[in-house]
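Colleague: Below is one structure. I have some questions about it.
The values are calculated or read from the model by the stated rules, or taken from the named source; none is laboratory data. As the structure is a prediction and not an experimental result, all values here were calculated from the model. Ideal geometry is used to build each Cβ from the backbone, glycine not excepted, and the neighbour counts take in all protein chains shown. Just the protein is used for accessible areas: all its heavy atoms, side chains included, with ligands, DNA and RNA removed. Shrake-Rupley method; radii C 1.70, N 1.55, O 1.52, S 1.80 Å.
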Amino acid sequence: MKLIKLLTLLLLFTSCKGNNDSGTLKTEEKNIATNIVVNETDYSDESLDNLLKCGDYSYMDGYFTIPDYGCIYESNKTNKLGNVDIYVIPKEKLNLNVDSDIEKEEKKINKMDINNLKKSYDIYIFIIEKKYLKYNVNMDVPYYPNYPYKQIIFKNTNGLWKNTTTLNINNEDDTQYKDWKEKFLNNSNQISKDKKIELKGDYVIKTNVSSVETGDPIEISFYFNFNSSEAILSIGTNNSLEAYCEGTYSIIQDNSTIKLKYTGEGTCTSDEGESIFLIKKEKDQYYIKSKRFYDYKWQILNKK
């Protein structure tokens, strides 16, 4: 009788142990599945905050960003999440009239601590997770995305990060990222812009160019006559070699800037950049720049 009771207890113990092991296994499987979906990458506020000091910001088309390749993945440094692009958009309108104003704002942003950055700007972070990256030591960027991949967009709101959307990039022809930038960043642009530029009459700029013969800087005057549909350029020099690209230019409106593009039939350059002039208006003053000039920066365009 005692032997029967002992066997019965042993069977009950074995059964209970089996049930407990089964329950443990199910719990572990559930936890592993949750980690894969949610916790594979640490998207804590702290990890996203740290990305904001990945590099220096530059002004680009109405917003500030880390130029070139953005904040690239480096497993042993600041960015351990993946390849990252950061866009910093002013919450209030900025009056950036000339290059010196832009440089001043860039220095201000780059000196800010993380908390002040989040208070003063709307910030978007784009992340291509490290699991989508391939390593190639011969590339300019050693880690590059392998198609298809997901690009996660975070926005900082009231000091906290929120995942706003995820782009599913299928191949190199996929334009979702480019479309998002063109549509959303342009709509969010808080840099002040003037209305359509309408130039009429005669304007001049005296500036340095690289001599065709020596490459040294020499001073030349550029005279522009504007009408409603085109501009005529005359160049003030006694050296005919320096007078290339004189003639007619089309006027192309591009947001707050106009582009003068050579359409004449005279002698010009094979470098298209040197045959283009950009003009903008800031506070009733016109500015011009061109790769034709010795210094490619905005300079005052004076009315004659």
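Colleague: Check off (1) at pLDDT 90 or above; (2) in contact with a Ser or Thr (Cβ under 9 Å, 6 or more places away or on another chain); (3) not in a loop (DSSP other than H, G, I, E, B) for Cys54 and give me the number that stays unchecked.
Modeller: Condition not satisfied by Cys54: (3).
Colleague: Residues of the stretch 216-227 being loosely packed, with under 12 Cβ neighbours inside 10 Å and either touching a Leu at 6+ places or on another chain (Cβ under 8 Å) or closer than 16 Å to Gly264 by Cα (or both), which ones?
Modeller: Asn227
Colleague: I would also like to ask the following. So which of Tyr287, Tyr296 ends up being crowded, with 18+ Cβ neighbours inside 10 Å and within 30 Å of Lys183 (Cβ to Cβ)?
Modeller: From the options Tyr287, Tyr296, the qualifying one is Tyr287.
Colleague: With (1) open to solvent by 80 Å² or more (accessible area, probe 1.4 Å); (2) touching a Lys or Arg at 6+ places or on another chain (Cβ under 8 Å) as the list, and Glu213 as the residue in question, which single condition is left unmet?
Modeller: (2)
Colleague: Give the stretch 118-140 a look and list any residue that's under 26 Å from Trp180 (Cα atoms) and out of contact with any strand residue (DSSP E or B) (no Cβ under 7 Å at 6 or more places or on another chain), or say none.
Modeller: Within the stretch 118-140, Lys119, Ser120, Lys131, Asp140 qualify.
Colleague: Take Lys91 and tell me if it is over 17 Å from Tyr124 (Cβ atoms), charged (D, E, K, R) and surrounded by fewer than 13 Cβ atoms within 10 Å (Cβ to Cβ).
Modeller: For Lys91, the condition - over 17 Å from Tyr124 (Cβ atoms), charged (D, E, K, R) and surrounded by fewer than 13 Cβ atoms within 10 Å (Cβ to Cβ) - is not met.
Colleague: Another question, if that's okay. Can you tell me which residues in the stretch 114-133 are open to solvent by less than 90 Å² (accessible area, probe 1.4 Å) and either touching a residue at least 60 places away in the same chain (Cβ under 8 Å) or not aromatic (Phe, Trp, Tyr) (or both)?
Modeller: Listed by number, the residues that qualify are Ile114, Asn116, Leu117, Lys118, Ser120, Asp122, Ile123, Ile125, Ile127, Ile128, Glu129, Leu133.
Colleague: Output the strands (runs of 3 or more DSSP E) that fall wholly within the stretch 228-282 and possess 3 or more residues being out of contact with any Gly (no Cβ under 6 Å at 6 or more places or on another chain) and open to solvent by 50 Å² or more (accessible area, probe 1.4 Å), or say none.
Modeller: 230-236, 247-254
Colleague: Suppose we keep only residues that are of a type in the set (A, V, I, L, M, F, W, C) and in contact (Cβ under 8 Å) with a residue 12 or more places away in the chain within the stretch 234-250. Which one would you say is farthest from Leu199 (Cα to Cα)?
Modeller: Among residues in the stretch 234-250 that are of a type in the set (A, V, I, L, M, F, W, C) and in contact (Cβ under 8 Å) with a residue 12 or more places away in the chain, the one farthest from Leu199 (Cα to Cα) is Leu241.
Colleague: Another question, then. Restrict the check to the stretch 146-163 and report whether at least one residue is open to solvent by 70 Å² or more (accessible area, probe 1.4 Å) and aromatic (Phe, Trp, Tyr).
Modeller: Checked the stretch 146-163: at least one residue is open to solvent by 70 Å² or more (accessible area, probe 1.4 Å) and aromatic (Phe, Trp, Tyr).
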